[in-house]
Amino acid sequence: MSRDLSGFRPVLSDDEIARALTRMAHEVVERSKGASDLVVLGIPSRGVPLAQRLARSISSVEDIDVPVGAIDVTMYRDDLRLRPARALEPTDIPTGGVDGKIVVLVDDVLYSGRTIRAALTALDDVGRPQAVRLAVLVDRGHRELPIRADHVGKNLPTSVRESVKVLVEEVDGRDAVLIGAAEDPVAHVDLEDAR
Amino acid sequence: MIVLIKGARLLGAEPTDLLLRDGVIAEIGSGLDGTGATVIDAGGLVALPGLVDLHTHLREPGREDAETIASGTRAAALGGFTAVHAMANTDPVADTAGVVEQVWRLGREIGYADVRPVGAVTVGLDGQRLAELGAMADSAAGVRVFSDDGRCVADALLMRRALEYVKAFGGVIAQHAQEPRLTEGAQMNESELSGRLGLRGWPRVAEEAIIARDVMLAAHVGSRLHICHLSTRGSVEIVRLAKQRGLPVTAEVTPHHLLLTEDLVAGYDARYKVNPPLRSADDVAAVREGLADGTIDAVATDHAPHPVEDKECEWDAAAFGMLGLETALSVVQHTMVDTGLLDWAGVADRMSFAPGRIGKCDGGDFAQARPLAAGEPANVVLVDPSASRTVDPAASVSLSRNNPYEGRKLPGSVVATFLRGFPVVENGELTQSSIQKGMR
Amino acid sequence: MIRHLLSSSDLTREQATTILDTAEEMARLTEGRSVKKLPTLRGRTVVNLFFEDSTRTRTSFELAAKRLSADVINFSAKGSSVSKGESLKDTALTLAAMGADAVVVRHSASGAPYRLADSGWIDANVLNAGDGTHEHPTQALLDAFTMRHHLGDLDGRHIVIVGDVLHGRVARSNVSLLATLGARVTVVAPPTLLPLGVEHWPCEVSYDLDAALPGASAVMMLRVQQERMNAAFFPSAREYSRRYGLDTQRFGRLSDDAIVLHPGPMNRGMEITAEVADSERSVIVEQVTNGVYVRMAVLYLMLAGAGDGTTGQEGAA
Ligand SMILES: [Zn+2]
C-alpha cells in the first residue's frame, strides 16, 4: 500500500488528529446523552482504525465498553461498474447487533457522499438502529448527495483537482492528513470514496 | 492444342523446354520451336508429373453440401493433382459397380482431374460381408484400390479374405488402421494433453496393432497391403521392418501429419480434429524421416471436407477431417524440401509415381504418374518454389472451409496444371474445363 | 478481475486466494442475516445454461446469483432441440440477444465452455459449471474453501484424492487448484482409472490407499460410477470398495483433525461407508453451503466491476 506522496503537504499532524478524535468522542457522548446504546462502525479500510480509536476514547470518557466493528460497503456501491471489481474488506458487526442502537458510522474523508449512502443501505440489511450518526475525520465538501456529517474532525475546503490522503498508524505506519494534486482530475472524483 | 513450356526445371534439374502436343509430351530439349504453340515462360519453375492423390473424400454422392466431384476436382487441379482416388464412404457407399461407375463418369465429364473411385471392402462399410470387389474391378471405373476408410476392417478373418481375394485382379486393400475397441469415443491423441483436456484418447497402439497384424496377414497370404494415413513413430518402424523383410507393404502419410501436432487441440478448436489424430512432435519427426527414406511410399491428402456447422461446435460433436488438396504440395515443400529431407525428384516420386503404382493407374488409356518423357501423357504441373502465401480458407474452391492452415505462411505455389496437354490451371487460376470436354 | 472461469488451472495463487477470501466475506455478509440479499448485481443477467442435468449445481449458482440480486434465467438445453453440436452456436447467439452478462455453462462435452468463450458468438463472461471429463472449477474452489475453513492455510498440507481420476472433472480441477495453493496432493486410484501422463500432474500418484492415508489432512472421495465396472475398469463394486473405499477402519487410521470430503452424489457402500459419510469429521453437507458463497464470490469478481478488469483506472462518477 505504498502511495506516492511527494508533492503532498500536511494539513493535520498526528497530535491534531488525536485531539480531533478526542473532541469528537466528547461530542458523540454529549449528543447521545451517554454511551450505553452506542455501536461504532468503521468503514474499511481507514475508517476502521479511526472507529476503534473513537470507541476507545468514548470508553475512557464514559468508563463503559463501547462495541466497535466494521461495515464494508463495496457490495452496496452504486458505482461498481465504473471500476474493476476488487476484493472485499471484512465486515464485523459486534455481538448484540445494531437493532435499537445508536450507530456511529466512521470514515476518514467525506466527499461525494456515495460511500455513506452505500453504508446506510448496507446497515439496512444488518438491522434497524434507533439512529445513525456520521463521524468523519475530514469533510472536504463537493457533495453529490444530501448527506452531512454529525461530527467532523476538520472541515477542509478543497478543489476537485486536489486529492486528500488520510494516513493512519495502523495501516500506513503514521498519522497524517495530506493534500496535493490529483493525478488525474477525472479519476479523482471517485478517489476518496474508492480509496 | 500445342503448348511450349520454356525453361522449366524438370524434377528440379537444369532448365529445359517441353512441347505438349495432342495430349502427350511431344519433345523435351532446349531451344524447341514454338511455332503455332501457346508459349509459357517457365523460368524458375519446377516441372513435376501431375500429382496423384490416393486418398480424397469427394463427398458425392450424399454430402454435396460439403463437396462435389466438380468442386473437389477443381481443388485438386489447383493443388497440382491430375488424378484423385475418391474414397468409398459416400452415401450410398461405393460398394457396387453402379456407384463407382457413376463417380468415375462424373469425374470424366467435369474434366479437371481424373477421378479413380476406391471401392468399399465390405457392404455398406459395415465390416460384415465382402462387397462385390470383382464387379467393381471389372466395371468401367476399373477399381484397383479397396478401402473401408473411415472405418477399419477390424475382423482379422475378413481382412485376410479381402487381401486374398483382390489378388485375382491386382487390387490392393488400403487399411484405415484403427483398432475399434481401443478407440471407442476417441477424440484426440492419447497423451498427457488428452488427460488434461478431458478428451477421450486415441492411443498410438490402436493404429500400430492393426498395422502389425495386417503386415503379418499380408505376408501369410502373399498379398499387397497399403496402409492409409500412418501417423506414429511405431507405425513407421513396423512398416520399415516389413519392407526390410521384402513384404509388399506400402504406406501413405498426410500433409497434416507431416506438419501439425496435437498441442493445437488445446483450445478445443475442432478444425484440428482429424482421424487419425494429430500426434506429437516426435511422431512428426518420425513420419518425415519415414517419407524421406522411402519407408512411407506416398503423401496422400485425406482431403475431408465438412460443412461449417460440423466444425463450429463442441469438440466431441465435431466431424473428423481437414481439407488438404490445395495445400498439400506447399506443406510437403515446407516440411520435406525446404528442410532438405527430399528433393523435387523425391517429391515427384512420393506424390505421383509411387501413388500411381500403388493405385495401378500408371498404365492404360488414361495413364497417370508417368515419367516426364517424350511420348508420355502430358500430365504436368508447374510449381513456383520461391512463391509464398498466407493461407486464406475463404479463397478455396472447395465448398468447405475446414482448413487447418488458416493464417499460416506456406511456401510454393502451383502455377499451371496440364491434364493430358490441356491447361486446367493457368497462372494459378482454373481455366474452363468445358473446352477440355470439347477436345475429348 | 476475472473475465472467464474455464479451468482452475487458469487461476494464479493470488486470484484463487482473492476468490476464497471474497467467499469468506460473502459467508459473513449473509450468514445468520434476516436479509440475505445483496444489491450488488442488480440489473445484471446471469444465464444458467445446462446441457446436462445437475439440479444441485444449477440451484447453487441460481441461489448465488439471486443473493447478489442478479436476474437469473435458467436455460435447460437438455432434451429440447439442442442435442446436436451445431446448436451451441445458436444457443449462444440467442443468449447474446437476450443480453446475458454471464453464462454459467454445464455440458457433457469437454471444452464446450471454451467454444462459448472464444468463438465470438457472445461476449458474456463464461463460467464453467462442469464440462465433460475436463474441469469443474467452482467445485474445486468450494472444496478448497471448505478445507481452508477447517485446516487454515493449505500451504504444505497433504490432501489425498481417491477415485476415478480418468473420468473425473472434479479431480482434475482439484489437483491443479490445490497445487496452486501450495498443498501436497496425492491421487489414489486403480491404474485403469488414471489418465495417461498423470505422472506429469502436480501431484503424487499411488495405487495404494492405505499407504497414502497417514499424514493426510483431508481425504476427498470421488464418486465411482457402477457402469465403469462393465467397461473393465475394475472387476466388481466389492473389490473396488475393499481396495479404494473409505471405511471405518481406514477412517480410524486418519489423524484426529483430518476431514473427509465428497463432491456428491455419494455411492454409500461403494467409495464411502455410511458411518464415515455421516461422521462429524465429514464436511460433505458444509460443501453444499460453501458452494453458494464461492459462486457468489466468483460472480461478484466477474460481474461487479467494469469490463474485464484490465483497466486499472478508476472511472468517473
Ligand atoms: Zn481414414
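The values are calculated or read from the model by the stated rules, or taken from the named source; none is laboratory data. The structure displayed is predicted, hence computed values, not measured ones. FYI the Cβ positions are ideal-geometry reconstructions off the backbone, even for glycines, and counts take in every protein chain you see. Just the protein is used for accessible areas: all its heavy atoms, side chains included, with ligands, DNA and RNA removed. Shrake-Rupley method; radii C 1.70, N 1.55, O 1.52, S 1.80 Å.
Screening the candidates B:Ala168, B:Ala219, B:Ala206, B:Ala154 for the property of being within 30 Å of B:Thr82 (Cβ to Cβ), modelled with pLDDT of 95 or more and among the aliphatic types (A, V, I, L, M) yields one hit, B:Ala168. The one condition from (1) assigned to a helix (DSSP H, G or I); (2) more than 14 Å from chain B (Cβ to nearest Cβ) that C:Ala100 does not meet is (1).
When C:Leu166 is tested against (1) more than 15 Å from C:Phe61 (Cβ to Cβ); (2) outside the structural domain of C:Arg223 (by TED's automatic domain parsing); (3) touching a helix residue (DSSP H, G or I) at 6+ places or on another chain (Cβ under 8 Å), exactly one condition is not met: (2). Exactly one residue among A:Pro44, A:Pro94 is within 14 Å of chain C (Cβ to nearest Cβ) and out of contact with any helix residue (DSSP H, G or I) (no Cβ under 9 Å at 6 or more places or on another chain), and that residue is A:Pro94.
Can you name every residue in segment B:145-161 that is more than 16 Å from the ligand (Cβ to nearest atom) and touching a residue at least 40 places away in the same chain (Cβ under 8 Å)?
Taking segment B:145-161 as the starting set, the residues that turn out to be more than 16 Å from the ligand (Cβ to nearest atom) are B:155-158, B:160-161.
Correct list: B:Ala156, B:Arg160.
Of the strands (runs of 3 or more DSSP E) lying entirely inside segment B:41-95, those carrying at least 2 residues that are within 16 Å of the ligand (Cβ to nearest atom) and touching a Ser or Thr at 6+ places or on another chain (Cβ under 8 Å) are B:51-56, B:81-86. Here B:Tyr165 meets the list (1) assigned to a loop (DSSP other than H, G, I, E, B); (2) open to solvent by 50 Å² or more (accessible area, probe 1.4 Å) almost entirely, failing just condition (1).
B:Ile296 meets the conditions (1) within 15 Å of the ligand (Cβ to nearest atom); (2) open to solvent by less than 10 Å² (accessible area, probe 1.4 Å); (3) touching a residue at least 60 places away in the same chain (Cβ under 8 Å) in every case but one. The failed one is (1). The set of residues in segment C:166-206 that are among the charged types (D, E, K, R) and open to solvent by 30 Å² or more (accessible area, probe 1.4 Å) comprises C:Arg169, C:Arg184, C:Glu199, C:Glu204. Kindly indicate whether B:Val166 is away from the ligand (no atom under 16 Å from the Cβ) and of a type in the set (Val, Ile, Thr). When the stated conditions are applied, B:Val166 passes them.
Selection within segment B:261-283: residues that are within 16 Å of the ligand (Cβ to nearest atom) and open to solvent by less than 10 Å² (accessible area, probe 1.4 Å). The member of this set that is farthest from B:Arg350 (Cα to Cα) is B:Lys273.
Do we find a residue being touching a residue at least 12 places away in the same chain (Cβ under 8 Å), within 14 Å of another protein chain (Cβ to nearest Cβ) and closer than 25 Å to C:Gly32 by Cα anywhere in segment A:61-70? Lay out the reasoning, then the answer.
Of segment A:61-70, the ones touching a residue at least 12 places away in the same chain (Cβ under 8 Å) are A:61-62, A:64, A:66-70.
Filter again for within 14 Å of another protein chain (Cβ to nearest Cβ), leaving A:69-70.
From what's left, closer than 25 Å to C:Gly32 by Cα: A:69-70.
Yes.
For A:Val66, the criteria (1) surrounded by 16 or more Cβ atoms within 10 Å (Cβ to Cβ); (2) more than 18 Å from A:Val103 (Cα to Cα); (3) of a type in the set (A, V, I, L, M) hold in every case but one, which is (2). The condition of being under 25 Å from B:Leu264 (Cβ atoms), within 15 Å of the ligand (Cβ to nearest atom) and surrounded by fewer than 21 Cβ atoms within 10 Å (Cβ to Cβ) holds for only one of B:Glu192, B:Glu179, that being B:Glu179. The residues of segment B:218-238 that are within 16 Å of the ligand (Cβ to nearest atom) and either hydrophobic (A, V, I, L, M, F, W, C) or open to solvent by 10 Å² or more (accessible area, probe 1.4 Å) (or both), listed by number, are B:Leu225, B:Ile227, B:Cys228, B:Leu230. Scanning segment B:62-106 for residues that are at positive phi and open to solvent by 10 Å² or more (accessible area, probe 1.4 Å) returns a single hit, B:Gly62.
Selection of segment B:132-162 for residues being in a loop (DSSP other than H, G, I, E, B), within 20 Å of B:Leu217 (Cα to Cα) and touching a Ser or Thr at 6+ places or on another chain (Cβ under 8 Å) yields B:Asp148, B:Val153.
Take segment B:247-257 and flag every residue that is more than 16 Å from the ligand (Cβ to nearest atom) and buried (at least 21 other Cβ atoms within 10 Å of the Cβ).
The initial filter retains those residues of segment B:247-257 that are more than 16 Å from the ligand (Cβ to nearest atom), namely B:247-249.
Scanning segment B:247-257 gives a single hit, B:Val249.
For segment C:207-228, give me the residue count where each residue is surrounded by 13 or more Cβ atoms within 10 Å (Cβ to Cβ) and out of contact with any Leu (no Cβ under 7 Å at 6 or more places or on another chain).
Looking only at that region, the number is 9.
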